[in-house]
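Report on one structure; see the data block that follows.
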Amino acid sequence: MWRRLPALGVFVASLALLAASCGGDNNELILGATTSVQDPGLLDEIVRAFEGVTDYHVKPSVGGSGEVLEKARRGELDVIMTHSPADEDKFIADGEGLDKRPVMQNFFLLAGPETDPAGVRDASSISEAFERIAGAQSIFISRGDQSGTNLRELSIWADLGITPQGQPWYQESSTGQGQNLIVASDKDAYTLVDSSTFTVFVKKVGLKALLTDTGNPNIYSVIRVASDKHKNVNAAGAIAFAEFITSRAGQCLIADFGMEEYGKSLFQPAARCPTSNVGG
Amino acid sequence: MDLIWDGVTEALRLIFSGDSYVYEVTFTSLLVSGSATVIALVIGLSIASFLAFRAPPGRTLALSAFNAGMALPPVAVGLLVSIMLWRTGPLGELHLLYSRTAIVIAQAVIATPVVAALSTAALQGLNPNLRLQVLALGASRWQAALLLFREARLSLLAAAMAGFGAAISEVGATIMVGGNIKGSTRTLTSAIVLEVQQGDFETAIALSFILLAVILSIISLFTVLQQRRPPA
């Protein structure tokens, strides 16, 4: 019987280890966020700041806007921060989300090789640039993942009446914002990327920012998942987060992000931050 | 090549400067993979003894399943486990998604077939008369099992190392069920993925070297244990 002791001991020890590594409590807030917020490092800072002023334990679930909205539709998330306006509006119209508030914005830009074979630099608009790329059949790397960036890119092709899918010069990487840029850089190709990620990655890639779409900003919004439709959603937590990110504390955090390292705000907050005089 | 050399020096710098982030993810890796391996050993060895010693009908079928389980795609396991743990899933009430426990579960599911399949082969390799002899001498089934485990320890320790290897090197399921959250569910492997996504290749390589060093140390310990000559 005493021979069994070690086996029993191991079993108890493993249960103890299991308990020690236990998670799951009612203070948990599952936040859906996009890779374009995580890759520059902003997400970690937002989570840290929010956890510093509340009792909530944030669990970020990161993906493209498409993936985030899909998870939210299943009630797997409490609150989301995405940048895909058409999809977001549909999300709310379908009764899945409430209380959409703008959080911050940046701009989309067309990155490409220094040599610029398609002559994008001389284009008068992003639309024309895309047309030139299709005409020159220069390699273009698409996110291909229904993310906010991807949908913006697809809408430009659609407006031009061009179907790039299936053409040899059009390649879909299906990776996050930062990685997509690295893939494009390796292939000396063009790609659409947001200005914040590009700023953070510019030293790591051989691409140049050839054309910025200043007329059409990339707007990030926070939306609470409809708690009446999904019973398990942490409604109080979602409200707390939405309040925080749109408060002066949250907005100034966004304004300050990147100041030290890059000399400018990587994201423009929706409201003006009085101390750093950015945004609004 | 510069990048790899830079990675090595960065790894040494991170270890010796006591960088808390690195120690945190290393600790998480060891905690979850260690727990998963223990669970895999308990369940795997139980299954192995049952299949090897009791030779039930349908043993070959069961063994085929476990052997196939060694090639189970970890990312598919991760997807299945996360669907189970979703709020809308059957185990949603437990609130386990994006926790260390979830990772332990996923890694245990991946490691158990490895341990079970290899242990069964190890135990089947023993002389069947040995078990009969030991039982005839008055040993209980438990005592016989432990004695036979000791006899087969060379192969069983190999099975344990294989199980641990499967758990600690796992990344797809870990990220899917764990969420790669800083301070709780970020392991060495998932941290490497994040560093790559953020373009910090030097750090990614450094973490890879640290992971290799950790694995080498633990497996070496086990190997020494395995190769130790029993007292004459």
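As a check on your grasp of the helix formula, calculate [θ] at 222 nm for chain B: sum -39500 (n - 2.57) over DSSP H runs of n ≥ 4, divide by the residue count, round to the nearest 500. If you can, show how the numbers build up before the last one.
Details: 11 runs with 178 residues, N = 232.
Taken over chain B, the calculation gives -25500 deg cm²/dmol.
For A:K90, which lysines qualify as cross-link partners when the Cα separation must be under 22 Å and same-chain residues fewer than eight apart are set aside?
The reachable lysines, counting only those whose Cα sits under 22 Å from A:K90, are A:K71, A:K100, A:K229, A:K231.
Grab the DSSP H runs of chain A that are 4 residues or longer, score each as -39,500 (n - 2.57), total them, divide by all residues and round the 222 nm result to the nearest 500 deg cm²/dmol.
Numbers: 12 runs with 117 residues, N = 280.
Mean residue ellipticity at 222 nm (helix-derived): -12000 deg cm²/dmol.
With θ set to phi - 60°, apply the Karplus curve 6.51 cos²θ - 1.76 cosθ + 1.60 along the range B:49-55 and write out the HN-Hα couplings as whole Hz, x wherever there is a Gly or Pro.
Values per residue, Gly and Pro as x: 4, 4, 5, 6, 8, 8, 6 Hz.
Using only atoms on other chains, find how many Cβ atoms lie within 10 Å of each Cβ of peptide A:75-86 and report the average.
Details: counts 4, 8, 1, 1, 0, 0, 0, 0, 0, 0, 0, 0.
Average neighbour count from other chains, rounded to a whole number: 1.
What span do the alpha-carbon atoms of chain B cover on each of the three principal axes, reported in whole Å from largest to smallest?
Cα extents, longest axis first: 63, 51, 27 Å.
Near the amide H of A:D99, under 5 Å away, which other amide H atoms are found, from residues 5 or more places off or on another chain, if H is placed in the peptide plane?
Result for A:D99 returns nothing.
Quick one: net charge around B:Q226, please, counting Lys, Arg +1 and Asp, Glu -1 for every other residue with C-beta under 15 Å from its C-beta.
Numbers: positive: B:R150, B:R153, B:R228, B:R229; negative: B:E151.
Residues close to B:Q226 contribute a combined charge of +3.
Sorted by mean Cβ packing within 10 Å, highest first, what order do the peptides A:142-151, A:84-93 take?
A:142-151, A:84-93
If you plug each phi of the range B:172-187 into the Karplus form 6.51 cos²θ - 1.76 cosθ + 1.60 with θ = phi - 60°, what whole-Hz ³J(HN,Hα) values come out, in order, with x for Gly and Pro?
Computed from phi, the couplings for the range B:172-187 are x, 5, 4, 6, 5, 8, x, x, 6, 8, 4, x, 9, 10, 8, 9 Hz.
Considering Cα pairs under 8 angstrom that are at least six residues apart, work out the relative contact order of chain A and quote it in whole percent. Walk me through the numbers before you get to the answer.
Details: 513 pairs, mean separation 69.1, N = 280.
Averaging sequence separation for qualifying contacts and normalising by length gives 25 percent for chain A.
Peptide B:94-103: average number of partner chain Cβ atoms within 10 Å per residue?
6
Taking amide H positions as placed 1.01 Å from N in the peptide plane, with prolines and chain starts having none, which residues 5 or more places from A:V278, or on another chain, fall under 5 Å of its amide H?
A:C273
Give me a single rounded figure for B:178-187: the average over its residues of other chain Cβ atoms within 10 Å of their Cβ. Let's see the in-between values first.
Working: counts 2, 6, 4, 9, 5, 5, 4, 3, 0, 0.
Counting Cβ atoms of other protein chains within 10 Å of each residue's Cβ and averaging gives 4.
Once all Cα-Cα distances of the range B:1-85 are split into 10 Å bins that start at 0, what whole-number percent is in each one?
Bin by bin from 0 Å, the calculated values are 13, 25, 26, 21, 11, 4.
Over the alpha-carbon set of the range A:108-212, work out the extent along each principal axis and list the three values in angstrom, largest first.
The principal-axis extents, from largest down, are 34, 29, 22 Å.
If you add up the charges near A:Q171, with Lys and Arg at +1 and Asp and Glu at -1, over every other residue whose beta carbon is less than 15 angstrom from its beta carbon, what do you get?
Details: positive: A:R143, A:K187; negative: A:D145, A:E153, A:E172, A:D186, A:D188.
Net charge in that neighbourhood comes out at -3.
Express the relative contact order of the range A:108-212 as a whole percentage, based on alpha carbon pairs under 8 Å and six or more residues apart in sequence.
Working: 171 pairs, mean separation 47.0, N = 105.
Worked out over the range A:108-212, it gives 45 percent.
Mind ordering A:127-133, B:39-45 by average Cβ neighbours within 10 Å, highest first?
B:39-45, A:127-133
By per-residue mean of other Cβ atoms within 10 Å, what is the highest-first order of A:109-116, B:115-122?
On the way: A:109-116: 20.0, B:115-122: 25.5.
Ranking the peptides A:109-116, B:115-122 by packing returns B:115-122, A:109-116.
Compute the long axis of helix A:235-246 from its Cα atoms, compare it with the longest principal axis of the Cα atoms of chain A, and write down the angle in degrees, 0 to 90, nearest 10.
That works out to roughly 40 degrees.
Arrange A:E243, B:E151 by Cβ neighbour counts within 10 Å, fewest through most, would you? The partial results should precede the final answer.
Values: A:E243 14, B:E151 18.
So the ranking, lowest neighbour count to highest, is A:E243, B:E151.
Please give the Cα centre distance for the range B:157-215 versus the range A:52-130, rounded to the nearest Å.
A separation of 28 Å, based on Cα centres.
Mind telling me which of A:G64, A:G95, A:G75 comes out most flexible in a GNM of chain A, alpha-carbon contacts under 10 Å?
A:G95
Identify all lysines with a Cα-Cα distance to A:K204 below 26 Å; exclude those on the same chain that are fewer than 8 residues away in sequence.
Candidates past the 8-residue exclusion: A:K187, A:K264, B:K182.
What is the order of A:M259, B:M1, fewest Cβ neighbours within 10 Å to most?
Working: A:M259 13, B:M1 5.
Listing A:M259, B:M1 from fewest to most nearby Cβ atoms yields B:M1, A:M259.
Test of understanding: ordering A:K264, A:K229 by Cβ neighbours within 10 Å, fewest first, what list do you get?
The most exposed by this proxy come first: A:K264, A:K229.
How large is the dipole of the range B:24-227 about the Cα centre if only Lys and Arg carry +1 and Asp and Glu carry -1, each at its Cβ, rounded to the nearest 20 debye?
Numbers: 10 positive and 7 negative charges, 155 e Å.
Computed about the Cα centre, the dipole is about 740 debye.
Under 13 Å from the Cβ of A:S185, count the other residues' Cβ atoms, weight Lys and Arg +1, Asp and Glu -1, and hand me the total. Provide the component values of the computation, followed by the final result.
On the way: positive: A:K187, A:K203, A:K204, A:K208; negative: A:E114, A:D186, A:D188.
With Lys, Arg at +1 and Asp, Glu at -1, the net is +1.
I'd like the orientation of helix A:148-160 relative to chain A: the angle between its Cα long axis and the longest Cα principal axis, in ° from 0 to 90, rounded to 10.
Rounded to the nearest ten degrees, it is 30.
Quick one: which residues, 5 or more positions from A:S142 or on another chain, have an amide H under 5 Å from its amide H? H modelled 1.01 Å from N in the peptide plane, none for Pro or chain starts.
A:Q171, A:E172, A:S173
Values quoted throughout were computed directly from the atomic coordinates according to the rules given, and no laboratory measurement underlies them. On a predicted model such as this, the values are computed, not experimentally measured, just so you know. Here Cβ is always computed from backbone atoms with ideal geometry, including for glycine, and neighbour counts include all displayed protein chains.
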